[in-house]
Amino acid sequence: MKTDDREQSGKIGSRTESEALASAFRILARRDHTRRELAAKLHKKRFDPPAIDGALARCSELGYLDDERTAMKIAGHLLEKGYGMLRVRQVLGQKGLDEALIATALTGCADEEAQVKSARLLLEKRALRQGRQAPAWQRRQAAHRFLAGRGFPSAVIGRVLSQ
């Protein structure tokens, strides 16, 4: 964006829908955003609500803005990185997605067996990196904290640690 565009008079409403759309295209070219994220970014750039709504509608029409696709991508990415269902739910909620879309995106990670396998792999990787040997109860406590911090439910953590 040009410097003079940023140094406008500061009045909300002084920018048109076509400028909002051009800005939305630039934002979406970098990565997918949810509807709420894109609206917040456009608002931060001082576009007025009608211009933002028009830009969001046009981006949706063109298929550039799709909350369901974005939710699936984010959930898949987080699962690949070794995060649990609770963390994925939290991140999707922070991105402004409604509960129905979050539930749809979580169908891939709702399988407890897959979560147990993922948690076990994470612990194995972590054990390889840890050089020192602590008492069993300390290792178990540390593993529980680690997996809980990654967003795995207690039931999954209990199953992994009991094996």
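3J(HN,Hα) couplings calculated from phi for the range 45-50 with the Karplus curve 6.51 cos²θ - 1.76 cosθ + 1.60 (θ = phi - 60°) are, in sequence order, 7, 6, 7, 7, x, x Hz; Gly and Pro show x.
The value given for the chain is a Kirkwood hydrodynamic radius of 18.4 Å, derived from the mean inverse Cα-Cα separation.
Dipole of the chain computed with +1 at Lys/Arg Cβ and -1 at Asp/Glu Cβ about the Cα centre; of Q163, S18, H43, farthest Cα towards the positive end is Q163.
Over the range 25-66, Cα pairs under 8 Å with separation of 6+ residues give a relative contact order of 51 percent. I want to make sure I understand the PRE zone here: with the label point 7 angstrom from the Cα of R126 toward its beta carbon, which residues in the range 137-163 have backbone N atoms less than 14 Å away? Zone members listed by number: 137-154, 156-162. One decimal place: the segment S154-R30 gains 41.0 nm when fully extended, by the rule 0.36 nm per residue minus the C-alpha distance. Couplings for the range 31-38, taken from phi via the Karplus curve 6.51 cos²θ - 1.76 cosθ + 1.60 with θ = phi - 60°, read 6, 5, 10, 7, 4, 5, 4, 5 Hz in order; Gly and Pro are left as x.
Here, each number is a calculation from the coordinates, and none is a lab measurement. In this text, all values refer to a predicted model and were calculated from it rather than measured experimentally. Heads up, the Cβs are rebuilt from the backbone with ideal geometry, glycines too, and the neighbour counts pull from every protein chain shown.
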